[in-house]
Amino acid sequence: MTAPPLLTTPQDDFAPALLDPDHPLPADVTSHTTRHPVRRFAVYRNNVTVGLIEAVRARFPAIERIVGDDFFDAMARTFVRAHPPRSPILAIYGDAFPDFVAGFPPAAEMPWLADVARLETARTVAYHAADATPLDPAAFAALDPARLGAARIALHPSAVVVRSSWPIVTVWAMNSDEAPLGPVDFGVPEDALVLRPALTVVVHRLPPGTAVLLAALTAGDTLAEAATTASGATPGFDLTAALAVVVGTGVATTIAFDPEPQP
Amino acid sequence: MTLPATLPDDAGVGFKPQHLDDLLAGDAPIGFVEIHAENYMGAGGPPHAMLRMLRERFALSIHGVGLSIGASRPLDRDHLARLRTLCDRHPPQSFSEHLAWSSHGDVYYNDLLPAPYTAATLARVCEHVDAVQTALGREMLLENPSTYVLFETSTIPETEFLSEVARRTGCGLLLDVNNVFVSALNHGTDPRAYLAAFPLARVKEIHLGGHAETTDDTGAPLLIDAHGTPVADPVWTLYAETIVRTGPLPTLIEWDNDVPAWPVLAAEAARARAILRAGGAAVLHPVAA
């Protein structure tokens, strides 16, 4: 018996055959029944491919419900072969799936599908995000209204905003047992706030411009600065509705003020 | 409740979130739970909250499925660091991994893949086990795989390979009796001969799981380690025979696919517990040849 050549490993021959059904079997592989165990090797091919498809399925249940099992299987199979995971943490596998869906020709008639997938991606991110205690709404009520504009508000580590030109919250909710099925006006854009204030992930439909305000708060702007940015970017921006999100959803974790200037 | 430093010589189950309430209800016939490490590597959220609740009641086995110890390439240092973080956060009574590989190049294949048993693989696996034990600051257990193919270049019997890894590194072994049965049938060998050659003194945990049956290219039976059904009767028999020889050992029921309602899984755990308490002997019965 000869040792493997120094610069190659047994995996060099085995790995490429796993996700490519047309790749020849690894030369070293055998069995006690046949020297060319195609069906035996197919167990590994099947385990790898099906296991990855199941990981994608677990992360995108609404997408599966929208397109149906067969379509989803075919789409996920193409995805896992083109974009196998780079990490053994499968909870984050599929971050590239929304972009893949956007460019998947059979899904071209559903241009909103990729954004619904982005919403589902955000749900997993929120599920596994760091824990933090949301700020009690009473903390806002206790503030001097004159100082509110100067407040710098830190957002919950689980908070993810998904912006879309499509009604993604409505479509997602109807396909997640969160809302009854009904007609959808695909002309209505919706931004989503995905959040896990405690142990349950929730999805909020944001009022117009609130996504911009939250992004500005994340960047460190004061509430007044963030409101100005959101107002400038969004005709009809409603500050009261935006504040209701900041105060009422649990998206805020701390309020801070800059130190008073020294005389 | 003060938990012991090692897993109890009792039954355990692979934890599934849908069983949380049943497990916490108080009469589960188990002494420990096992988790797949890679499902608990996020920063926070329900996975860690559930683990904190479970650890108040049960001993914990952390079982890695993504370290790729059997690969010839170096271990992923980032992943090793994540395992260290997890073991620090929820200190387990046992950490185990597989004699298999799952990553190559920059791809993670999400399966426990086989390697030829050669002197080169042995040296590499020993390096990797040493690295894990150093990084985690604890002993690890290495699990025997289920396999579907053989390698022309293999020169070392699997039992000898595992004995040598344990001898050189001081690691413990995790004996998966279903894997023994599956591999033996798949390769036309005798599971009892395998168990007779296995270094049982090194075994600190046993796994039991269900398998599925298909056929290979020649029509010969081929068993798949599918973890989606009850433990098969011949595997229970091999298990009981093993317990007669080893005495009681922590014994995990693995059921990862088509996960049943809790009473079904609990019945499997209760069966293992009964065998453990009887020392194997009372439930031994002849097996058809």
Any residue at all in the stretch A:255-263 that is closer than 27 Å to residue A:166 by Cβ and either touching a strand residue (DSSP E or B) at 6+ places or on another chain (Cβ under 9 Å) or open to solvent by 40 Å² or more (accessible area, probe 1.4 Å) (or both)? no
Residue check: is residue B:151 over 24 Å from residue A:43 (Cα atoms) and not β-branched (Val, Ile, Thr)? no
If only one of A:115, A:131 is within 14 Å of chain B (Cβ to nearest Cβ), of a type in the set (Asp, Glu) and within 18 Å of the chain's Cα centre (by Cα), which one is it? A:131
Could you tell me whether the stretch B:19-27 includes any residue that is within 16 Å of the chain's Cα centre (by Cα) and more than 14 Å from chain A (Cβ to nearest Cβ)? no
Can you name every residue in the stretch B:225-253 that is in contact with a helix residue (DSSP H, G or I) (Cβ under 7 Å, 6 or more places away or on another chain) and either free of Cβ contacts under 8 Å to residues at least 24 places away in the same chain or open to solvent by 30 Å² or more (accessible area, probe 1.4 Å) (or both)? B:225, B:230, B:234, B:244, B:245, B:246, B:248
Single condition residue A:123 does not satisfy, out of (1) surrounded by fewer than 22 Cβ atoms within 10 Å (Cβ to Cβ); (2) at pLDDT 95 or above; (3) more than 13 Å from residue A:251 (Cβ to Cβ): (1)
Quick check on the stretch B:137-147. Is at least one of its residues over 14 Å from the mean Cα position of the chain (by Cα) and aliphatic (A, V, I, L, M)? no
Condition (residue is surrounded by fewer than 24 Cβ atoms within 10 Å (Cβ to Cβ) and either in contact (Cβ under 8 Å) with a residue 60 or more places away in the chain or away from chain A (no Cβ under 12 Å) (or both)) applied to the stretch B:103-120: is it met by at least one residue? no
If you go through the stretch A:10-22 one residue at a time, do you hit one that is at the interface with chain B (Cβ under 8 Å from one of its Cβ atoms), open to solvent by 60 Å² or more (accessible area, probe 1.4 Å) and closer than 30 Å to residue B:74 by Cα? yes
Determine which single condition residue A:86 fails, assuming it passes every other condition in (1) in a helix (DSSP H, G or I); (2) surrounded by fewer than 20 Cβ atoms within 10 Å (Cβ to Cβ). (1)
May I ask you to verify whether residue B:66 is in contact with a helix residue (DSSP H, G or I) (Cβ under 9 Å, 6 or more places away or on another chain), within 12 Å of another protein chain (Cβ to nearest Cβ) and either under 29 Å from residue A:16 (Cα atoms) or touching a residue at least 40 places away in the same chain (Cβ under 8 Å) (or both)? yes
Within the stretch B:28-54, restricting to residues that are of a type in the set (Val, Ile, Thr) and in a strand (DSSP E or B), the one that is farthest from the other protein chains (Cβ to nearest Cβ) is B:33
Qualifying residues in the stretch B:82-98 (those that are open to solvent by less than 50 Å² (accessible area, probe 1.4 Å) and closer than 29 Å to residue A:8 by Cβ) - the one farthest from the chain's Cα centre (by Cα): B:83
Filter the stretch A:95-120 for residues that are over 15 Å from residue A:64 (Cβ atoms) and open to solvent by 30 Å² or more (accessible area, probe 1.4 Å) and give the result. A:95, A:96, A:99, A:102, A:103, A:105, A:108, A:109, A:111, A:112, A:118
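Based on this model, can you work out whether residue A:33 counts as assigned to a loop (DSSP other than H, G, I, E, B) and within 7 Å of chain B (Cβ to nearest Cβ)?
Yes: the conditions hold for residue A:33.
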Flag for residue B:267 being out of contact with any strand residue (DSSP E or B) (no Cβ under 7 Å at 6 or more places or on another chain) and within 14 Å of chain A (Cβ to nearest Cβ): no
Looking at the stretch A:224-252, I want the residues that are under 12 Å from residue A:140 (Cα atoms) and have a partner that is part of a helix (DSSP H, G or I) and of a type in the set (A, V, I, L, M) with Cβ atoms under 6 Å, at least 6 apart or on another chain. Which pairs are those? A:252/A:246
Residue list for the stretch A:75-102, filter: of a type in the set (A, V, I, L, M, F, W, C) and without any contact (Cβ under 8 Å) to a residue 12 or more places away in the chain: A:89
Flag for residue B:76 being out of contact with any helix residue (DSSP H, G or I) (no Cβ under 8 Å at 6 or more places or on another chain), closer than 29 Å to residue A:43 by Cβ, at pLDDT 95 or above and open to solvent by 50 Å² or more (accessible area, probe 1.4 Å): yes
Any residue at all in the stretch B:133-140 that is in contact (Cβ under 8 Å) with a residue 60 or more places away in the chain and of a type in the set (A, V, I, L, M)? no
Filtering the stretch A:36-76 for residues that are within 13 Å of chain B (Cβ to nearest Cβ), part of a loop (DSSP other than H, G, I, E, B) and either buried (at least 17 other Cβ atoms within 10 Å of the Cβ) or under 23 Å from the mean Cα position of the chain (by Cα) (or both) leaves a count of 1
Taking the stretch B:121-147, which residues are assigned to a loop (DSSP other than H, G, I, E, B), of a type in the set (D, E, K, R) and open to solvent by less than 10 Å² (accessible area, probe 1.4 Å)? none
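The values are calculated or read from the model by the stated rules, or taken from the named source; none is laboratory data. Note that the coordinates shown come from a computational prediction; the quantities given were computed from them, not determined experimentally. Positions of Cβ are backbone-derived with ideal geometry, glycine not excepted, and every protein chain shown enters the neighbour counts. Surface accessibility is based on the protein's heavy atoms, side chains included, excluding ligands, DNA and RNA. Shrake-Rupley method; radii C 1.70, N 1.55, O 1.52, S 1.80 Å.
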